[in-house]
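Shown next, in structure tokens, is the structure this report addresses.
The values are calculated or read from the model by the stated rules, or taken from the named source; none is laboratory data. The structure displayed is predicted, hence computed values, not measured ones. All Cβ positions, even for glycine, are placed from backbone atoms using ideal geometry, and neighbour counts span all protein chains on display. Areas reflect the complete protein model, heavy atoms only, side chains present, ligands, DNA and RNA absent. Shrake-Rupley method; radii C 1.70, N 1.55, O 1.52, S 1.80 Å.
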Amino acid sequence: MIATSALAVLGLLLDQITKRIVVSTMFEGQVIDVLPPLLRWYFIKNSGAAFSMGEGFTWVFTIIQAAVLLYVAIMLVRKIRIWPWALALGGLMGGVAGNLTDRLFRAPSFGHGHVVDFIALPNFAIFNVADMFIVCSMIGICLLLLSGRELDGQKNSAKNTTEPGAGPDMKDQP
């Protein structure tokens, strides 16, 4: 769907533009109060995953992000037939592409780049726009999966009742 690609590009652009602004106007470690005490900019570079876990394994995250992006773009997007899945997967692709761009093209080297994080909430992680796209998309994906909604729009439970052996357990029958 066009909506999937459009949201992916929007997510990537918003992420990279905000990171460019932060890198060009702040120094690493700088904190700026935006809406104290709820929101502040806190510029850090993250070599790990969420909550800075896995520092030193940047190349692993680069491979995982590239694999997720390719899988969603090649295998799933062509199967989308409903808006909720288009939005969820488009947002996921945009967020993953944003952080992958950092991993590929930021210092210290290709494939080992550190992700720029700058949004700080009290008693929470420091994150970026790409992370927001990823988290919101994963919430949407979980809700779609829990509701049984397939990529093509059909309900999962409806498919199962037409398969052989689906339905009530036969040993309960007289």
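Quick look at the values:
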| item | result |
| --- | --- |
| Listed candidates [x] 1.12; [y] 1.05; [z] 1.43 - label of the one calculated as Rg/Rh (Cα atoms, Kirkwood Rh) | [x] |
| Area accessible to solvent at W41, 1.4 Å probe radius, in Å² | 80 Å² |
| Net +/- balance of residues flanking L104 in space, Cβ distance below 14 Å, scoring K and R +1, D and E -1 | +1 |
| Label-point separation, N156 to I141 (7 Å along Cα→Cβ), nm | 1.4 nm |
| Solvent exposure ordering (accessible area, 1.4 Å, most first) of I134, I21 | I21, I134 |
| Sequence of C142, C136 when ordered by accessible area, the most exposed leading, probe 1.4 angstrom | C136, C142 |
| Axial C-alpha extent at least 24 Å, average Kyte-Doolittle at least 0.0 - helices from the chain (DSSP) | 2-25, 83-105, 129-146 |
| Förster radius 35 Å - calculated FRET efficiency between R78 and Q30, Cβ distance, rounded to 0.05 | 0.20 |
| Close Lys-Lys pairs in the chain, where close means Cα under 30 Å and separation is 8 or more or interchain | 5 |
| Accessible surface, 1.4 Å probe, highest first, among residues Y71, Y42 | Y71, Y42 |
| Estimated [θ] at 222 nm from DSSP helical runs (n ≥ 4, -39500 (n - 2.57)) normalised by residues in the chain, nearest 500 | -16500 deg cm²/dmol |
| Rounded to the nearest 10 Å², the accessible area of R81 at probe 1.4 Å | 140 Å² |
| Charge dipole (debye, nearest 20) of the stretch 1-157; +1 at Cβ of Lys and Arg, -1 at Cβ of Asp and Glu | 380 debye |
| Rounded accessible area per residue of the chain, 1.4 Å, Å² | 60 Å² |
| Carbon + sulfur, % of accessible area of the stretch 13-152 - ligands and nucleic acids excluded, 1.4 Å | 72 percent |
| Whether the stretch 76-124 is rounded, prolate or oblate, judged on the alpha carbon gyration tensor where a/c under 1.5 counts as rounded | oblate |
